[in-house]
Amino acid sequence: MKVINVVGARPNFMKMAPIIEAMNRYPDKIRHLLVHTGQHYDEKMSQSFFVDLGMPKPDINLEVGSGSHAEQTARIMVEFEKVCLQEKPDLVIVVGDVNSTMACTITAKKLGIQVAHVEAGLRSRDMTMPEEINRLCTDVLCDYLFTTDHFADENLAAEGVPADKIFFVGNVMIDTLLKHRALASTLDLSRKLGLVPKGYATLTMHRPGNVDDKRILTGILEALAEIAKELPIVFPIHPRTKKMAEQFGLGHFFNSGEKVEGIWITEPLGYLEFLHLNMNARLVLTDSGGLQEETTVLGVPCITMRPNTERPITCEVGSNIMVGNDKTRILEEARKILSGEIPQGRSPEKWDGHAAERIVEVLVEKLG
């Protein structure tokens, strides 16, 4: 069986790393290539993720770079078609919900190649999110749909996907977290920064709905600044957020000095460094999807600054709290946590570090 594994953005690396490792246990049955579309093309950051995760260098880099959604998707499709025609794989594996996920799925299916989607069935019901469009288009086309929880299974069933295409395997992102947690705990990053365990919060924020509107971004930053009076916030700032904050004249909310206080910004961090910070944080504030999952397993309270989530399992059994982007709600929930009201959660079923093994076992059984 010849397989092409596709990654396009940094979260994809975390999801693909354990799948590649599991495939390597079947050298007589699986030959695989790693294709990086180059959707996220920051060389420093991409390289650090490959090193941290122990992933092989990509066999092929399409180097599509940035652009509008249409431009980026079109470039990926044109270049990935060439790869498929040359390599003639039996299967393409896509992960997550980025433009590369959808583009490579469409391209492969039009060439008659089977496609497997890892992290299938997630739904936010928010069609203003490009990721939601990517998820819907990908799932309706794929031959193998690997899901993380019962909500995803139910979503796919409600959309008419045949049961024999759906495989509940768990969460490959958690495979990666559990494998690297011990190593991340040995880092001395927090000490270097002058932080003490549970003496700070971490923050990620990049969604257009939060950062592209001056009024909304101002309200969020005002709430965060209030929280930061009691608990410093470490913010590895996303380029989009940095650009919009500067454009709106909101740079005064950030502290980039040597002392960690207020909303303290850093450059984007590598996987192990960021895992280390989140493991030791008292609180995580985010509008990301993956962090909702990671904090659930780490047992760290998470305040999600979005009106919806495609990962409701993290609210059902985990420590994730949805607050939207309302200043009052953000402050209200943060103050509860700071006063000791810690939401108690547990890890969802099959988030046990063996999801990738289950995926590869299914593929070997079906295609091997």
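For region 344-362, the count of residues that are in the same structural domain as D149 (by TED's automatic domain parsing), out of contact with any helix residue (DSSP H, G or I) (no Cβ under 8 Å at 6 or more places or on another chain), assigned to a helix (DSSP H, G or I) and of a type in the set (V, I, T) is at least one.
The number of residues in region 328-343 that are in a loop (DSSP other than H, G, I, E, B) and surrounded by 20 or more Cβ atoms within 10 Å (Cβ to Cβ) comes to 0. Is it fair to say V3 is in a strand (DSSP E or B) and more than 21 Å from the chain's Cα centre (by Cα)? Judged against the criteria, V3 is a match. In summary, T295 fulfils each of the numbered conditions (1) farther than 24 Å from N320 by Cα; (2) within 18 Å of the chain's Cα centre (by Cα) with the single exception of condition (1). The criterion of at least 1 residues that are buried (at least 17 other Cβ atoms within 10 Å of the Cβ) and free of Cβ contacts under 8 Å to residues at least 24 places away in the same chain is met, among helices (runs of 4 or more DSSP H) falling completely within region 98-210, by 130-141.
The one condition from (1) surrounded by 19 or more Cβ atoms within 10 Å (Cβ to Cβ); (2) at pLDDT 95 or above; (3) farther than 16 Å from G345 by Cα that P312 does not meet is (3). Just one of the numbered conditions (1) touching a strand residue (DSSP E or B) at 6+ places or on another chain (Cβ under 8 Å); (2) at pLDDT below 95 is not true of S48: (1). Across region 263-286, the number of residues qualifying as touching a helix residue (DSSP H, G or I) at 6+ places or on another chain (Cβ under 7 Å), crowded, with 23+ Cβ neighbours inside 10 Å and part of a loop (DSSP other than H, G, I, E, B) comes to 0.
Checking the structure you have, find out if any residue of region 244-255 is outside the structural domain of F146 (by TED's automatic domain parsing), modelled with pLDDT under 95 and either under 30 Å from V95 (Cα atoms) or in a loop (DSSP other than H, G, I, E, B) (or both). No: region 244-255 contains no residue that is outside the structural domain of F146 (by TED's automatic domain parsing), modelled with pLDDT under 95 and either under 30 Å from V95 (Cα atoms) or in a loop (DSSP other than H, G, I, E, B) (or both). Within region 124-171, if we keep just the residues that are more than 17 Å from the chain's Cα centre (by Cα) and basic (K, R), the residue that is modelled with the highest pLDDT turns out to be K165.
Only residues that are polar (S, T, N, Q) and either farther than 19 Å from S256 by Cα or buried (at least 21 other Cβ atoms within 10 Å of the Cβ) (or both): list them for region 211-232, please. Lay out the reasoning, then the answer.
So the first thing to find is which residues in region 211-232 are polar (S, T, N, Q), and the list is 218.
Those that are polar (S, T, N, Q) and either farther than 19 Å from S256 by Cα or buried (at least 21 other Cβ atoms within 10 Å of the Cβ) (or both): none in region 211-232.
Checked across region 65-75, the condition of being in the same structural domain as L33 (by TED's automatic domain parsing), aliphatic (A, V, I, L, M) and buried (at least 24 other Cβ atoms within 10 Å of the Cβ) holds for no residue.
When you go through P197, P236 one by one, which is the residue that is over 23 Å from the mean Cα position of the chain (by Cα) and either in the same structural domain as T186 (by TED's automatic domain parsing) or modelled with pLDDT of 95 or more (or both)?
Being over 23 Å from the mean Cα position of the chain (by Cα) and either in the same structural domain as T186 (by TED's automatic domain parsing) or modelled with pLDDT of 95 or more (or both) holds for just one of P197, P236, which is P197.
When you check K259 against the structure, is it more than 21 Å from T128 (Cα to Cα) and touching a residue at least 60 places away in the same chain (Cβ under 8 Å), yes or no? Judged against the criteria, K259 is a match. Has region 289-302 got at least one residue that is surrounded by fewer than 18 Cβ atoms within 10 Å (Cβ to Cβ), in the same structural domain as T328 (by TED's automatic domain parsing) and touching a residue at least 12 places away in the same chain (Cβ under 8 Å)? Yes - at least one qualifying residue is present in region 289-302.
With respect to (1) in contact with an Asp or Glu (Cβ under 6 Å, 6 or more places away or on another chain); (2) in contact (Cβ under 8 Å) with a residue 40 or more places away in the chain; (3) within 26 Å of K110 (Cα to Cα); (4) not aliphatic (A, V, I, L, M), the lone exception for K88 is condition (1). Of all the numbered requirements in (1) part of a helix (DSSP H, G or I); (2) crowded, with 17+ Cβ neighbours inside 10 Å; (3) modelled with pLDDT under 95, V260 misses one, and that requirement is (1).
Taking the criterion of being free of Cβ contacts under 8 Å to residues at least 24 places away in the same chain and either part of a loop (DSSP other than H, G, I, E, B) or more than 19 Å from the chain's Cα centre (by Cα) (or both), the residues of region 317-327 that qualify are V323, G324.
The values are calculated or read from the model by the stated rules, or taken from the named source; none is laboratory data. Predicted, not measured: the structure shown is a model, and the values here were computed from it. Cβ atoms come from the backbone with ideal geometry, glycine included; neighbour counts cover every protein chain shown.
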